[in-house]
Amino acid sequence: MKKTSRRRAAAKPPRRSRCPVACTLDVLGDRWTLLVVRDLIRGKRRFAELVESPERIPTNILTERLKRLVGLGVVKSQRYSDHPPRVEYQLTAKGEDLRPVLHAMVEWGIKHAGGRIPPPLPPRPDTEKS
């Protein structure tokens, strides 16, 4: 039996179809991923900041989502400490392209799901195309 690398399997989810909505859901369509993207858009960078979100994402799930988003090129990580090893996370240009998606979800959530109006988003940073 041929072994498949976990990293490779995690980075490329299987496609259900070529439908763009289904393809997007294969990447972002779980309970936590868009909340992580939301927090990164709002300026959180470190694991401890992300874990403090009001939705209380379990640390093991947060770790897995960050690894998957890095593997998919939606998020990049950069080490800021060697001892102990620590990284900061930031959206790539691909991740920043999710801003209008999140904005549409905010508008829908306010109008139809009882969401509150959030504080304004920080401006989109200049990101390298990656």
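The values are calculated or read from the model by the stated rules, or taken from the named source; none is laboratory data. This structure is a prediction, so every number in the text was calculated from the model and none was measured. Heads up, the Cβs are rebuilt from the backbone with ideal geometry, glycines too, and the neighbour counts pull from every protein chain shown.
Here are the numbers for this structure:
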quantity: Which listed residue is over 16 Å from the mean Cα position of the chain (by Cα) and assigned to a helix (DSSP H, G or I), from 110, 117, 61; calculated: 110
quantity: Residues satisfying the stated conditions in region 4-47, i.e. closer than 18 Å to residue 75 by Cβ, touching a helix residue (DSSP H, G or I) at 6+ places or on another chain (Cβ under 6 Å) and at pLDDT below 95; calculated: 10, 11, 13, 28
quantity: Filter result for the condition that a residue is surrounded by 15 or more Cβ atoms within 10 Å (Cβ to Cβ), assigned to a strand (DSSP E or B) and of a type in the set (Lys, Arg), over 67, 44, 94, 76; calculated: 76
quantity: Number of the condition not met by residue 1 [criteria: (1) modelled with pLDDT of 95 or more; (2) farther than 23 Å from residue 115 by Cβ]; calculated: (1)
quantity: Residues (within 12 Å of the chain's Cα centre (by Cα) and not in a helix (DSSP H, G or I)) located in region 11-41; calculated: 29, 30, 31, 32
quantity: Residue among 84, 100, 120, 58 that is within 21 Å of residue 24 (Cα to Cα) and free of Cβ contacts under 8 Å to residues at least 12 places away in the same chain; calculated: 100
quantity: Among (1) of a type outside the set (A, V, I, L, M); (2) more than 24 Å from residue 115 (Cα to Cα); (3) out of contact with any Gly (no Cβ under 9 Å at 6 or more places or on another chain) - the single one residue 38 does not satisfy; calculated: (2)
quantity: Among residues of region 102-130, those that are over 18 Å from residue 65 (Cα atoms) and surrounded by 13 or more Cβ atoms within 10 Å (Cβ to Cβ), counted; calculated: 7
